[in-house]
Amino acid sequence: MPERTLISWTILMSGYAKHGPSTEALALFKEMLSSGDNHKTRLRPDSYVYAVVLRSCGEMRELGFGKGVHGQVLKKGEAFLDGFLENSLVNMYSSCGQLEDAVLIFDGIEKPGLVAWSSMLSAYVKNGFEKEGLSVFLDMVCKGIKLDAFVFSMVIKACSNLEELNLGIQVHGLMVKKGFGKGSCLFLDNSLMDFYAKCKDLKGLRKVFDQLHEKDLVSWNTLIMGYVHNFYYFEALRNFRVLMHDICYCDDFTITSILKAISSLHDMGYGRQVHGYIVRTGLASNSYVMCSLLDMYIECIEHESWEQWEKVPLKVYAGLERGEANECIIIASMLKWCSLLSNLDAGKVFHSLANKLAVDSDPYVISSLIDMYSKCGVPEAALRVFERVENPGTVTWSALISGLSWNGWFVEALTCFNKMQLNGIEANEFTLTSVILACVALGDLRKGRELHCKILKTCYESNVSIVNMLINLYSELSDHQQALKLCSLVSDAEISWNLLIQASLKANDYEMIHKLLGRIQSCFGYLEPISVCDIFRSCSSPVLLNMGMQAQAYMTKRGLLSHPTSGNGLIQMYSGCGQIAEADLVFESMPEKSSPCWTSIISAKVEHGHPSEALTLFNKMRRRNKLVDSSTLKSILKACSQMGRVDEARSLLMSMEVVYGVKPSEEHYSCVIEAFTRAGMLEELENFINEVVVDKNDTKIWNTLLSSARVIGNMDMAKFALEKLLEIDPNDCFANLMLGKVLVMFGKWKDASKMKTLGPNSSCIEVQNKIFEFVSDQKPSEEVLHKLGEIEREMEELGYVEDRNHLLHDAEEEEYDGAGLGHTEMKAIAFGLLSLPHRTPVRVIKSVRMCGTCHHACKFMSTFVDRELVVKDNCTFHHFRDGKCSCRDSW
């Protein structure tokens, strides 16, 4: 142009200020000031020019240049400073992070208009002062300032950052009232969608999206990213398919979001389809897309067995167009790939490459190197990498501590954590979880509690990962009550129910497991097959059958019974409840029978007096090449004992280590001892104990001998076994009491009077989901006493004669005069006959061995009460039917 006017310069500067690059606008401003031959012909900027320049300064964060312009404006006097220029100054200072200066200028405006208020609101929100920004918005509303789409977008962003759902909903209502709702402003609706997504209100997100008259790609991206951000990955994939069907294209933002969803779902097949789309559309040249693709392959390889795709990340890496901006990310991703495959050689190559590219000082590359060497089993190399770092930060310390714990260097991990604290480095989530893991591994509850106190001080007490690790800590170190208290810190959906169930089972707190199951039902909590098995095991008692059946119905409804581990727990539950027929039915209906399932059903058959069926199942198990373990062999030896197959039991014991690789334990020896005793082969038994049994100080051996002596009524053998038990443990109350009774039989009254006595025992029965307990030293209700008297009279009329030949069987019970109906199990049975419907089995659990008198009485009662009587004592199950017991009078 032969002549450049102020308007020409202003138009060009304004264009650069709006569309970029802003540096050109500042360069033009400098050139304009120096143009002209002399002072008279030199152009003088007006307020609009200064406003354009200030806008460019704000965009480029050029605070120094902006202050210089502000100085020139002040020199021109207050009359020169108009509203447009004041707004530009507020915007410039706020964009440069100088809020105090921005507020100072805003306060100096006599009558701030919408632009000034908007600039101040934007200043607060952009600089992280959302609450102050909302306060400005409320002032605008109170002063009657007209609100526009930009103001609402900034307010929604503030609510989004603060996750203030209720306030955001009110602002949304105000927007609709002001005419900005239901698709009238797409830019504002997209902001609303982002707000609802970040506040985890997916219904609100979907509602806004569905009301849009016109949807652009930003709308779709916001929807998909919202679902991904809230872990609704399947919904994100579904909407991605709809997008590709309706619009047929997407951009790099869509692809990076959908690749994250695929990574989380570990869906390699769908990821490969997206990879194909990336190649076809030319998005392969976008480094961020390719980095996301690389991460997707690595994540899928980490969680699934994709051996044929293990080399794909290397191919993706080879095709990347790399630059300084993303080189660190790429190297860190490839190092993660090396750590997943434990590929130390490839890891060393990328370590060398990191050195060559001078990115080995990047915190994420360093942490990836430490992680790679740790996962490859070379913690020494990880330590060397760490030691070269000057002033390591939280990420680097966390990587080292995690790597040391990974390799079992738990003491060193705790030492590093102490050094980290001394250096004033704040721990993050990953540091704390690794240190808690070290405390669990070392069994150091005291250190774990100290760490818990630190977590409370650092405001991590509601972090889901840390809370679950603390639950694991207290669960493993026998403080399950504290573990349960921690549940209140996170929502039910985020609690690690599996850890809590295992902890409660370990503490034998079955009531707590049943309460936890109720909470799991209400929140649809995640359960692993082993936890399903543990829940069933907690119901393995005759008095908890109804609870177990309710648990089975719930697990069936959720489809959690298909796994063999769950089925195994169900078999154990029905067996423990005395329902051997139901246990059989569960086993037969299982499509896949694991070795533990075979072991459980065999054990159930033996425990309920069906040894021949147990041996048949054992033969089938071997033909199917199932793994036979120590528990299986114990049950088979017990079955041989019950059937009197002494030679078969002894042969199996001698060959089990060679044939099955199982070294005989005291439990296996005890089963063979029982077989010898039941067969009356006492001389062979003595030789067996002297020659074969390794540890003769194990109480299991002598308790088995005593039990067998009780079965056959051999006083000499009982006395010998009791004396051996008292040699091992002189304070054994049961042995003292039993020996006292035996000494009485031998006429040694003085010695008998010195023996210790046992405390009270009890029996329990479940009626209408409530457990009733009858204790030996407590008198039952008049109704129960009346029923006992009624039963006793009926037994006498039918010719019942009490059997008094049960001295050794009656050792645990208190003395009682009468027909044998005064012990706790008889009171519980009487209560069951009163309370349960006709022909419903009566199931009772007893804390001590059932006495011979009650056993004889129950057999007689089963001939006329018209129902099955089931008693589970501390030795075995007793199923009384038609005058017989499943134990064959041997217990």
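The values are calculated or read from the model by the stated rules, or taken from the named source; none is laboratory data. In this text, all values refer to a predicted model and were calculated from it rather than measured experimentally. Heads up, the Cβs are rebuilt from the backbone with ideal geometry, glycines too, and the neighbour counts pull from every protein chain shown. Calculation scope for accessible area: heavy atoms of the full protein, side chains included, ligands and nucleic acids excluded. Shrake-Rupley method; radii C 1.70, N 1.55, O 1.52, S 1.80 Å.
Of note:
- Residue in region 14-37 that is within 30 Å of VAL136 (Cα to Cα) and acidic (Asp, Glu) present: no
- Counting only helices (runs of 4 or more DSSP H) that fall entirely inside region 548-663 and contain at least 1 residues that are open to solvent by 20 Å² or more (accessible area, probe 1.4 Å), within 24 Å of ARG881 (Cβ to Cβ) and free of Cβ contacts under 8 Å to residues at least 12 places away in the same chain, the qualifying elements are 580-589, 611-623.
- Only a single item in (1) in a helix (DSSP H, G or I); (2) open to solvent by less than 60 Å² (accessible area, probe 1.4 Å); (3) closer than 24 Å to ARG280 by Cα is not met by HIS245, and it is number (2).
- Verdict on SER522 being in a helix (DSSP H, G or I), closer than 16 Å to VAL464 by Cα and open to solvent by 80 Å² or more (accessible area, probe 1.4 Å): no
- Of residues in region 535-547 being assigned to a helix (DSSP H, G or I) and either more than 20 Å from ALA503 (Cβ to Cβ) or open to solvent by 10 Å² or more (accessible area, probe 1.4 Å) (or both), the one modelled with the lowest pLDDT: VAL543
- Of all residues in region 230-271, those satisfying the criterion of being under 28 Å from the mean Cα position of the chain (by Cα), at pLDDT below 90 and not aromatic (Phe, Trp, Tyr) are ASN230, SER263, SER264, LEU265, HIS266, ASP267, MET268, GLY269, GLY271.
- Of the candidates GLY226, GLY173, the single residue that is exposed (fewer than 15 other Cβ atoms within 10 Å of the Cβ) and either under 26 Å from THR281 (Cβ atoms) or free of Cβ contacts under 8 Å to residues at least 12 places away in the same chain (or both) is GLY173.
- Residue match in region 363-383 (condition: of a type outside the set (Gly, Ala, Ser), more than 19 Å from LEU340 (Cα to Cα) and at pLDDT 90 or above): yes
- Filter result for ALA503 (touching a His at 6+ places or on another chain (Cβ under 7 Å) and either open to solvent by less than 20 Å² (accessible area, probe 1.4 Å) or not in a helix (DSSP H, G or I) (or both)): yes
- Across region 262-304, the number of residues qualifying as within 28 Å of MET372 (Cα to Cα) and of a type in the set (Lys, Arg) comes to 1.
- Region 337-349: number of residues that are at pLDDT below 85 and crowded, with 23+ Cβ neighbours inside 10 Å: 3
- Pair list, Cβ < 8 Å and 6+ apart or interchain, from region 429-443 residues that are closer than 15 Å to THR396 by Cβ and among the hydroxyl-bearing types (Ser, Thr, Tyr) to residues that are in a helix (DSSP H, G or I) and open to solvent by 30 Å² or more (accessible area, probe 1.4 Å): THR431/THR394; THR431/SER402; SER434/SER402
- Scanning region 39-58 for residues that are at pLDDT below 85 and open to solvent by 60 Å² or more (accessible area, probe 1.4 Å) returns HIS39, LYS40, THR41, ARG42, ARG44.
- Tallying residues that are open to solvent by 50 Å² or more (accessible area, probe 1.4 Å) and in a strand (DSSP E or B) within region 873-882 yields 1.
- Within region 70-95, being assigned to a helix (DSSP H, G or I) and surrounded by fewer than 23 Cβ atoms within 10 Å (Cβ to Cβ) holds for HIS70, GLY71, GLN72, VAL73, LEU74, LYS75, GLU78, ALA79, PHE80, GLY83, PHE84, LEU85.
- The residue list GLU100, GLU132, GLU110 contains one member that is assigned to a loop (DSSP other than H, G, I, E, B) and over 25 Å from PHE209 (Cα atoms), which is GLU110.
- Looking across MET193, MET175, one residue alone is more than 33 Å from the chain's Cα centre (by Cα), part of a helix (DSSP H, G or I) and of a type outside the set (S, T, N, Q). It is MET175.
- Within region 348-363, tally of residues that are out of contact with any Gly (no Cβ under 8 Å at 6 or more places or on another chain) and outside any loop (DSSP other than H, G, I, E, B): 9
- Residues that are buried (at least 18 other Cβ atoms within 10 Å of the Cβ) and β-branched (Val, Ile, Thr) within region 110-136 comprise VAL125, VAL136, listed in sequence order.
- Looking only at residues in region 833-872 that are buried (at least 21 other Cβ atoms within 10 Å of the Cβ) and in contact with a Pro (Cβ under 9 Å, 6 or more places away or on another chain), the one that is nearest to LEU545 (Cα to Cα) is ARG843.
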